[in-house]
Amino acid sequence: MSNVPRELKDEIPSFEGAPARGDHGPIDWTALTSIRTARSAMEIGAIVALGAAVFFGLELILRWTDTPSYVFPKPVDVVKSLVSDFDDLYMHHLWVTMQEFLVGFAIGASIGLLLAALITQKPFAEKVIAPYVLIMVTTPMLALVPFLRLKLGFGAWPLIIAVALASGPMVMINAATGFRRTDLAKIALARSYGASTLQIFWKIRFPLALPMIIVGFMVGSIFGLLTAVGGEMVAASEAGGLGERLVYFSSLARMDQFGAVILIIATLGVSIYVLFYFIGKRWASWEA
Amino acid sequence: MVLTSVAVSTREKISVDGATKVYEARTGPVHALESFSVEIGEGEFVCILGPSGCGKTTLLWAMSGLHELTRGRILLDGRPVTGPRPDEIGLIFQEANLLPWRNLRQNLRFPFEIKRKRVDETRIDTLLRQTGLAGFESAYPRELSGGMQQRASIVRALAQDPAVLLMDEPFGALDAFTRDEMNLLLLNLWAESGKTIVFVTHNISEAIFLADRVVVMTPRPGRLARIFEIELPRPRTVDMTFEPGFIAQIQEIKRVVESGGSHGVEVE
């Protein structure tokens, strides 16, 4: 599981603006957005065709081999379950996971961003804190969930805290990289017009750091989602959640429903990625 | 050493008096400037010429109040410069130094925002037209050519209407043709506005072409080597740079630069 974000971490930081360059990180999302030109329409066609081929190919193989659904669910049954049972079986749990994720990420990202802005002002503080941040980034925070459960009971807070602890440090190290980019000439420029230290921060340092902050949000949010779902698999709250459903459905061998939950989680992850991708394009496209 | 034996018809605008700067770098002290003195008259165009690393930028940053001197002082209108004087001084940097996340118009508004002043759009528009940048207001810096970027940075400074422009090798990164074009544009803007300009360069030909006086500095630590008065009539044209008198002037200045043991001064 930890392989996925690491890959993302290496690939995402390029918000290279011009579509002509064709460099858009791991996947060229412009294929999904600019449907005006014939070229893009063809690309979308190819993407859909590939998806359809995998979907129906799998369906066909499973039917041919007569594989029972508890061994491997048929894609059509998974989608059927997702559509017909969405309100009854999944909606509530999606909402539970979303709450844990959103609240945890909001707390973690704010603290991470604030700490990054503060410690980069003082190299000494940065050096002292760095090893601890590294520990937090490398430790899977979902391992803390059972412990937090014992301390904090069966509500949402243990998972919210785990999400915050997983996403915060990711936001922090990326944002710190951004805030450390000091462009002496630009600071001198602002100073020559009489800028205060606060103005230097908001008008020079912050915009300069923004691309890296957005990358931090993107990576941090994916980490947060993983922690929320994983934490639920380990020790969910009474309300359940998508991770808890994964454990539940697989223990009952209800693989159609299991597959539907996987689809929901995947959609959630991709949506978060796309959201930050477009935020990056909008606010950080200047960085060529 | 030649000091102010030059007949400047107007009153003195900037006075640099014994400017000395020693940086306390991590690797030890760096002696950038030593007892450098010069007087600059109001409305005068002065070029400061010297090899790379002779403290020219240090001098300019000290004049604009971005650096404190180790010894000596700088007076602007008779008052010591103790910090940035944004309403009186406009600093123009090597490279255009535009903010890449702002488009052209937003870049030109930047100084107004810092000063919390109402943006003078009329003045900006006039300057954009004068510099041939009208129509590019929404372009981002990376979409502009090097010459356009540098023109934009001049507009950014001029929009504040400072009495003094300090320019730090502004056209050093441009090709020779664009540089000629920019020099002519600068002379036009200067003739119209009557501003005092201190222009740092390591290009002898450029210095003579632009200046009323060329102040030659020695290699580090930067001291005053000599001041040359340029008799070239105005308005100046590129053709003048091919005349024998101009070339003789280049050779004369080059000799002084070389006797100072300078390296890296361009002769074009």
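The values are calculated or read from the model by the stated rules, or taken from the named source; none is laboratory data. Because the structure is a prediction, the values reported are computed rather than measured. For neighbour counting, all protein chains shown are included, and Cβ atoms are generated from backbone atoms with ideal geometry for every residue, glycine included.
Here are a few things to note about the model shown:
- Looking only at region B:52-108, and only at residues there that are within 13 Å of another protein chain (Cβ to nearest Cβ), among the aliphatic types (A, V, I, L, M) and more than 16 Å from the chain's Cα centre (by Cα), the one that is surrounded by the most Cβ atoms within 10 Å (Cβ to Cβ): B:Leu108
- Listed by first and then second residue, the pairs linking a residue in region B:37-59 that is within 17 Å of B:Gly18 (Cβ to Cβ) to a residue that is in a helix (DSSP H, G or I), with Cβ atoms under 6 Å apart and 6 or more places separating them unless they lie on different chains, are B:Ile48/B:Lys56.
- Unique match (being among the small types (Gly, Ala, Ser), modelled with pLDDT of 90 or more, more than 14 Å from the chain's Cα centre (by Cα) and under 18 Å from B:Glu44 (Cβ atoms)) among B:Ala157, B:Ala191: B:Ala191
- Elements of type helices (runs of 4 or more DSSP H) in region A:126-236, at least 3 residues being away from chain B (no Cβ under 14 Å): A:145-152, A:157-179, A:206-235
Quick grid of which residues meet (1) at pLDDT below 90; (2) closer than 30 Å to A:Ala235 by Cα; (3) of a type in the set (Val, Ile, Thr):
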position: A:Ile111; (1), (2), (3): no, yes, yes
position: A:Ala117; (1), (2), (3): no, no, no
position: A:Lys122; (1), (2), (3): yes, no, no
position: A:Leu148; (1), (2), (3): no, yes, no
position: A:Leu159; (1), (2), (3): no, yes, no
position: A:Leu165; (1), (2), (3): no, yes, no
position: A:Ile173; (1), (2), (3): no, yes, yes
position: A:Leu189; (1), (2), (3): no, no, no
position: A:Gly194; (1), (2), (3): no, no, no
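- Failed condition for A:Asp256, given (1) assigned to a loop (DSSP other than H, G, I, E, B); (2) in contact with a Ser or Thr (Cβ under 8 Å, 6 or more places away or on another chain): (1)
- Residue list for region A:75-131, filter: polar (S, T, N, Q) and farther than 30 Å from A:Phe201 by Cβ: A:Ser81, A:Ser84, A:Thr97, A:Gln99
- Residue list for region B:110-126, filter: assigned to a helix (DSSP H, G or I) and either of a type in the set (A, V, I, L, M, F, W, C) or within 11 Å of chain A (Cβ to nearest Cβ) (or both): B:Phe110, B:Pro111, B:Phe112, B:Glu113, B:Ile114, B:Lys115, B:Ile124
- Selected residue [under 21 Å from B:Leu210 (Cβ atoms) and in contact with a Ser or Thr (Cβ under 6 Å, 6 or more places away or on another chain)] from B:Ala32, B:Ala96: B:Ala96
Here's the yes/no breakdown for (1) in contact with a His (Cβ under 8 Å, 6 or more places away or on another chain); (2) in contact (Cβ under 8 Å) with a residue 24 or more places away in the chain; (3) closer than 30 Å to B:Arg116 by Cβ; (4) aromatic (Phe, Trp, Tyr):
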position	(1), (2), (3), (4)
A:Arg191	no, no, yes, no
A:Ile200	no, no, yes, no
A:Met218	no, yes, no, no
A:Ile222	no, yes, no, no
A:Glu244	yes, yes, no, no
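- Filter result (within 17 Å of the chain's Cα centre (by Cα) and of a type in the set (Gly, Ala, Ser)) within region B:28-51: B:Ser37, B:Gly41, B:Gly43, B:Gly50
- Residue match in region B:6-27 (condition: crowded, with 23+ Cβ neighbours inside 10 Å, at negative phi, in contact (Cβ under 8 Å) with a residue 24 or more places away in the chain and not aliphatic (A, V, I, L, M)): yes
- When residues of region B:129-151 are limited to those that are within 14 Å of chain A (Cβ to nearest Cβ) and over 24 Å from B:Val46 (Cβ atoms), the one surrounded by the fewest Cβ atoms within 10 Å (Cβ to Cβ): B:Ser138
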